[in-house]
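The values are calculated or read from the model by the stated rules, or taken from the named source; none is laboratory data. These figures come from a predicted structure and were not determined experimentally. Counting neighbours? That spans all protein chains shown, and the Cβs are built from the backbone with ideal geometry, glycine included. Protein only, heavy atoms only, side chains kept; ligands, DNA and RNA dropped before computing areas. Shrake-Rupley method; radii C 1.70, N 1.55, O 1.52, S 1.80 Å.
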Amino acid sequence: MRQLLLLRHAKSSWDDAALPDRDRPLNARGRRCAAVMRKAMHDLGLTPDLVLVSSARRTMETLDALEPWDDTPLIEPMESLYLASPMQLIAALHSVPETVRSVLLIGHNPGLHDLALSLAEPRGATAAERALAEGFPTGALAEFVVAGSWWDLREGGAKLVRFLTPRMLEAAG
């Protein structure tokens with residue numbers, strides 16, 4: 001069994017309208033929410049072997065906010081993940097070596113949400129499926145179990161284990 005973690009970057013700043021989208025940093029809320037997600041991931045023992053991360057500033061800053069790790073993963077920034085479609089995200093996952101047990105992919109919407117929906121084909125039977133169907137807000141994390149190889153990953157090919165948002169975690173206190 002393999003583990004796939006999909007994390008949308010934390011909330012970014014729109015303060016500088018002249019700044020290219022790729023260069024937008026996290027805002028204060030984003031940094032706070034990323035810290036909340038870091039704690040949840042640590043408490044749940046969600047430590048990836050490999051991190052595939054969009055090269056955008058806000059995704060890289062989200063990754064920085066998740067550190068330190070108990071076991072430092074291999075980190076691979078990828079230009080192709082910036083505003084990637086679900087097909088581009090799947091292509092990146094298909095390139096993961098079979099020896100990798102757990103992958104964290106940090107990216108952007110709408111591609112990340114569309115990928116999560118297609119992998120899980122949520123039927124609304126669980127709270128996680130219902131929450132995922134409603135959206136994939138900034139800082140949210142979807143955890144999947146993948147039965148086959150990374151190369152075989154496709155639509156309906158994963159089971160949603162949990163879906164967490166910073167708002168849920170803050171409300172749970």
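Descriptive notes on the structure:
- Amide H contacts of H9 (H built 1.01 Å from N, under 5 Å, at least 5 apart or other chain): G107, G139
- Taking a ≥ b ≥ c as the square roots of the Cα gyration tensor eigenvalues, the stretch 1-59 comes out oblate, since a/c reaches at least 1.5 and a/b does not exceed b/c.
- Unit charges on C-beta of K, R, D, E only; dipole of the stretch 1-141, Debye: 400 debye
- Backbone N within the stretch 130-173 under 19 Å of label point (7 Å from R123 Cα along the Cβ vector): 130-134, 144-147, 154-163
- Local net charge near D114, Cβ-Cβ under 13 Å (Lys/Arg +1, Asp/Glu -1): -1
- Pairwise FRET efficiency - W151 versus R101, Cβ, R0 = 22 Å, nearest 0.05: 0.90
- Backbone HN-Hα couplings from phi across the stretch 77-92 [Karplus 6.51/-1.76/1.60, Hz, Gly and Pro as x]: x, 9, 4, 5, 8, 5, 6, 5, 7, x, 5, 5, 5, 4, 4, 5
- Computed over Cα pairs, the Kirkwood radius of the stretch 72-173 leads via Stokes-Einstein (1.002 mPa s, 20 °C) to a diffusion coefficient of 150 µm² per second.
- Heavy-atom surface of the chain, accessible at 1.4 Å and reported per residue (Å²): 49 Å²
- Sum of side-chain charges, S12 neighbourhood, beta-carbon under 12 Å (Lys, Arg +1; Asp, Glu -1): +3
- Cα pair distances in the stretch 25-76, grouped into 5 Å bins until the bin that holds the longest one, percent each: 5, 21, 30, 26, 16, 3
- Taking the 1.4 Å solvent-accessible surface of the stretch 92-173 as the whole, the part contributed by carbon and sulfur is 54%.
- Residues whose placed amide H lies under 5 Å from that of V53, excluding near-sequence neighbours: E76, M78, I106
- Positive-pole candidate from Q3, S85, G135, dipole of the chain, charges at beta carbon: G135
- When you restrict to C-alpha pairs under 8 Å that are six or more residues apart and normalise by the size of the chain, the relative contact order lands at 31 percent.
- On the principal axes of its alpha carbon atoms, the stretch 1-101 extends 44, 31, 18 Å, with the longest extent given first.
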